[in-house]
Amino acid sequence: MKKVEIEVRGRKLVLETGRIAKQADGAVVAHYGDTVVLATAVADKTPREGLDFFPLTVDYQEKAYSAGKIPGGFFKREGRPSEKEILTSRLIDRPIRPLFPKGFYCETQGIANVLSYGDENIADILGIITMSAALTMSDIPFKGPVGAVRIGRIAGSFVINPDSREVEECDLNLIVAGTDEAVIMVEGEAQEISEADLLAALDMAHQEIKRICAVQNEFRSLAGKEKRTVEPPVVDEVLKGKVTGLSLEKIKTAITIPDKLRRQDALDKILKEIIGELNTGEEDKTMEIASMFNDIEKNLVRGMILNDNRRADGRAPHEIRDISSEIGILPRAHGSALFIRGETQCLAVVTLGTSDDEQKIDSLDGESYKTFMLHYNFPPFSVGEVKPLRSPGRREIGHGMLAERALKSIIPPKTEFPYTIRIVSDILESNGSSSMATVCGGSLALMDAGAPVKTHVAGIAMGLIKEGDKVVILTDILGLEDHLGDMDFKVTGTDKGITAFQLDTKIGGISPEIMEKALEQARQGRLHILGKMNETISNPHENLAPYAPRIYTMQIKQDKIRDVIGTGGKVIRGIVEQTGVKIDIEDSGLINISSPDGESAQKAIEIINSIIAEAELGKIYRGKVKRVLDFGAFVEIMPGTEGLLHISQISEKRIGKVTDEINEGDEVIVKVIEIDKMGRIRLSRKEAMREQDTEREK
C-alpha cells in the first residue's frame with residue numbers, strides 16, 4: 001500500500017492505493033476526518049466500434065451504512081440515486097471530462113463510493129479529488145490531476161471547506177475545481193455578493209487547489225502506472241480537401257442565417273449533398289465526412305467571432321437577444337410567467353402549498369424538509385426533436401438546482417411567508433440559456449403569485465472563444481456557441497450582487513483576467529435583463545392569487561400548546577371539524593392556519609384565542625359553576641381556566657350555604673379580584689353585580 005497526505009485546514013487529507021479494489025485500473029481511498037471515499041476508474045482496452053466521441057460515465061454513491069443508517073422503503077437497500085448523488089456525479093464529471101486526450105474513445109467509468117460519512121461536509125469534494133487521483137494513478141490517459149475545495153464566507157472571512165455547521169452561517173458557498181494552472185469548474189450560491197468578492201474567493205480556492213494537485217503528482221511518482229498511448233485519429237487529407245472544397249463557401253453562407261432551425265436545415269442539406277457526392281466507394285465514409293464538415297463549421301463560426309466580432313445571429317459579442325415577458329397567463333395557477341429571450345422560451349409556474357407539501361429529505365445528514373423547490377423540464381419539442389418522455393435526466397436536475405440556488409436568496413423566511421413554494425419551469429423553445437431563462441421566469445412568476453420577494457433575480461449565460469492570444473467573451477450565448485465555444489459560464493443575481501454561479505470550460509481552465517472581464521460583462525448583461533423584467537412587474541402583487549390557500553399565523557406561549565392540542569388531539573381535531581381549516585403547531589408555539597377562505601380561518605383563530613386566553617385582573621366574565629364546596633365554588637371563566645368564588649364573595653348579604661345562591665351548572669357573572677404568584681384566581685360575584693348596577697345607573 002502506498003499513501004500520501006497533506007494538511008487542509010488543520011486536518012490531514014490522506015490518499016492511499018494498493019490495498020483494496022486492486023483489479024480496477026485505478027483505485028484510491030481518501031480519508032479526511034471521519035469521511036472516507038473510495039474512487040475507482042476503469043477503461044476498456046479497445047475503443048467501441050463506430051464511436052467518434054469519448055464515452056465517459058461518472059457515478060457518485062452514498063452508502064447508508066457510511067452514516068450508520070439502514071435505508072428506508074420496503075426493500076431496505078439503496079435504490080435509484082438521490083438528487084444529491086446525481087448532482088455530485090455531475091460535479092465530479094465536469095472538471096475531469098475536458099482533460100482526456102482527443103482520440104481516446106475507450107469506454108470509461110468512474111465510481112465514487114462514500115464509505116464513511118462524517119460531519120466535515122466534504123464527501124462531494126473528496127469525490128472530485130479521489131476520482132482525479134484514481135485516474136492519475138491509472139494507466140488511463142488523463143491530463144490531470146484535478147484539485148477541489150469548498151469556499152465559504154462567514155462574517156466577511158473566507159473559510160476553506162466549512163463543515164456542516166459552519167455552512168449554515170455562510171453567505172457564500174462555492175465548490176471550485178481546477179488544475180495547478182487554472183480553474184476549470186465552479187458551482188455554488190451566494191447572498192448577493194460582489195464580483196470582486198467572488199474573484200477573491202476563486203483566487204483563494206485556486207491556491208489550495210495547487211497544493212492538492214501537487215500531492216497527487218507526488219502520489220503518481222510514488223505508485224502511478226505507465227499511461228497508455230493514444231494514437232491521434234488519422235485524417236484522410238485528400239478527403240478533407242474535397243469536403244472543404246465542396247462545403248466551405250456554402251457553410252459560410254449558412255452560418256449567418258439568424259433563425260436556428262433554418263440555419264440547421266441549411267447545414268444539414270449541405271452535409272447530405274456532400275455525403276451523397278463523396279461517399280460512393282465500398283467503404284462507408286459518412287462519419288468521417290460528417291466529422292470534417294463539423295470541424296469546418298466550428299472553425300468558421302469561431303473565426304467569424306474572433307476576426308469580425310460577428311455572431312451567427314448577427315449580434316456583437318456583448319449584445320443580448322430581444323427580451324419579452326408576460327405574467328398571469330394561466331388563470332388557475334397561483335403565479336405564472338412566460339419569459340422569452342430570442343428563440344428561448346420558459347413557462348414558469350408557481351404553486352403555493354401548506355406544510356403538508358414540504359419535501360422530506362432523508363439523507364446521510366438526517367431528515368430535513370424543503371419548503372422551496374424548483375423543477376426544470378426540457379421536453380423534446382423545445383428543440384424540434386422526437387424522443388420518448390422519461391423521468392428527469394442529470395442535465396434537467398442540474399439546471400433545476402442551479403435555478404433553485406439562484407432564487408433561494410430572495411425567498412422570504414417561513415416566519416414571514418409560511419407557504420411551501422414550488423416553481424415548475426417548462427422550456428417551450430430552446431436556443432441556449434434555458435436555465436437562465438428559468439431564473440428570470442421563476443422570479444416573475446413569484447411576483448405574480450404575490451410572494452413577498454424583495455427584488456428580481458436575473459440570469460445570463462456567458463461564452464468564450466479563445467485561439468492563442470485572441471479572446472472574445474460572448475454575452476447570452478446561443479446553443480451553437482455553447483457547443484462550439486470554450487466556456488459555459490452562468491451568473492445569476494440581483495441589482496446588488498450575485499446569487500448563483502456555474503462555470504465549465506473545455507480548454508483546461510481560464511485565467512483570472514478572463515474571469516474578471518467575463519464577470520463584468522455578465523453584470524452589465526444582468527442589469528439590462530433586470531430592467532426588462534421590471535417593465536413587466538417590479539413589485540409583488542399585494543394580494544395572493546384567488547385560488548391560493550390562505551395561511552394565517554399566530555404565536556402562542558409554549559405552555560399553551562397542550563391546551564390547544566388537547567388530550568389525544570381532541571381539542572385541535574374539534575377545531576378542524578368545526579371550521580374546516582388545517583392547523584399546524586410548531587414546538588416554538590407558532591401556529592399556521594390554512595384555509596380556502598378567510599372567514600373559516602378567522603373563526604379558528606377566535607376559538608384558539610379563547611382557549612389560550614388568560615384571566616385579566618379586574619375584568620368581568622360570565623362563567624359556569626363547575627364545583628360547589630362548603631367554602632365556595634369553582635367557576636370556569638374560560639375554557640380550562642377556573643377561579644375560586646369564596647362564599648363571602650357570592651352576595652352582598654351574608655349567606656349560610658353556597659347552594660342558597662348558586663348551584664353546579666349555573667351561569668354567573670364574576671370579577672377577577674386577585675391572581676397570585678402561583679396563577680391562582682380569586683373571583684367576586686358581588687363586585688361584578690355591584691359594577692353592573694353602577695353601569696345601569698349611568
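General observations
- Qualifying residues in segment 240-274 (those that are of a type in the set (Ser, Thr, Tyr) and over 14 Å from residue 298 (Cβ atoms)) - the one nearest to the chain's Cα centre (by Cα): 256
- Of the residues making up segment 365-390, those that are under 18 Å from the mean Cα position of the chain (by Cα) and assigned to a loop (DSSP other than H, G, I, E, B) are 365, 371, 378.
- Inclusion of residue 46 among residues that are in a loop (DSSP other than H, G, I, E, B) and either hydroxyl-bearing (Ser, Thr, Tyr) or touching a Cys at 6+ places or on another chain (Cβ under 7 Å) (or both) is warranted.
Condition check ((1) in contact with a Gly (Cβ under 6 Å, 6 or more places away or on another chain); (2) over 17 Å from residue 190 (Cα atoms); (3) in contact (Cβ under 8 Å) with a residue 24 or more places away in the chain) across all residues:
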site	(1), (2), (3)
350	yes, yes, yes
358	no, yes, yes
366	no, yes, no
377	no, yes, yes
393	no, yes, no
412	no, no, yes
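- Options 238, 243, 234: the member that is farther than 30 Å from residue 497 by Cβ, free of Cβ contacts under 8 Å to residues at least 24 places away in the same chain and assigned to a helix (DSSP H, G or I): 238
- Residue tally, condition among the hydrophobic types (A, V, I, L, M, F, W, C), surrounded by 13 or more Cβ atoms within 10 Å (Cβ to Cβ) and free of Cβ contacts under 8 Å to residues at least 40 places away in the same chain, over segment 674-698: 1
- Among residues of segment 282-300 that are touching a residue at least 60 places away in the same chain (Cβ under 8 Å) and within 22 Å of residue 249 (Cβ to Cβ), those with a beta-carbon under 9 Å from a residue that is of a type in the set (S, T, N, Q) and surrounded by 15 or more Cβ atoms within 10 Å (Cβ to Cβ) at least six positions away or on a different chain give the pairs 297/247.
Listed here are the residues, each with its yes/no results for (1) under 30 Å from the mean Cα position of the chain (by Cα); (2) within 30 Å of residue 284 (Cβ to Cβ); (3) not small (Gly, Ala, Ser).
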| site | (1), (2), (3) |
| --- | --- |
| 42 | no, no, yes |
| 51 | no, yes, yes |
| 60 | yes, no, yes |
| 67 | yes, no, no |
| 78 | yes, no, yes |
| 86 | yes, no, yes |
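- Restricting the search to strands (runs of 3 or more DSSP E) fully inside segment 153-208 and requiring at least 1 residues that are farther than 14 Å from residue 121 by Cβ and within 20 Å of the chain's Cα centre (by Cα) gives 172-178, 183-193.
- Members of segment 116-152 found to be in a strand (DSSP E or B) and more than 16 Å from residue 187 (Cβ to Cβ), listed by number: 116
- Qualifying residue in segment 650-670 (condition: more than 20 Å from residue 628 (Cβ to Cβ), surrounded by 12 or more Cβ atoms within 10 Å (Cβ to Cβ), over 60 Å from the mean Cα position of the chain (by Cα) and touching a residue at least 40 places away in the same chain (Cβ under 8 Å)): no
- Evaluated against (1) without any contact (Cβ under 8 Å) to a residue 40 or more places away in the chain; (2) in a helix (DSSP H, G or I); (3) among the charged types (D, E, K, R), residue 448 falls short on exactly one condition, (1).
- Test for residue 615: is it surrounded by 12 or more Cβ atoms within 10 Å (Cβ to Cβ), touching a residue at least 24 places away in the same chain (Cβ under 8 Å), of a type in the set (A, V, I, L, M) and part of a loop (DSSP other than H, G, I, E, B): yes
- Criterion (among the charged types (D, E, K, R) and buried (at least 17 other Cβ atoms within 10 Å of the Cβ)) met by exactly one of 107, 120, 169: 120
- Residues of segment 394-426 classified as under 25 Å from residue 342 (Cα atoms) and either in a loop (DSSP other than H, G, I, E, B) or out of contact with any Cys (no Cβ under 6 Å at 6 or more places or on another chain) (or both), total: 16
- Residue selected from segment 581-600 under the condition of a type in the set (Gly, Ala, Ser) and part of a strand (DSSP E or B), by the criterion farthest from residue 420 (Cα to Cα): 595
Laboratory data are not the source of any read-out in this text; all were calculated from the coordinates shown. Everything quoted here is computed from the prediction, not taken from an experiment. Heads up, the Cβs are rebuilt from the backbone with ideal geometry, glycines too, and the neighbour counts pull from every protein chain shown.
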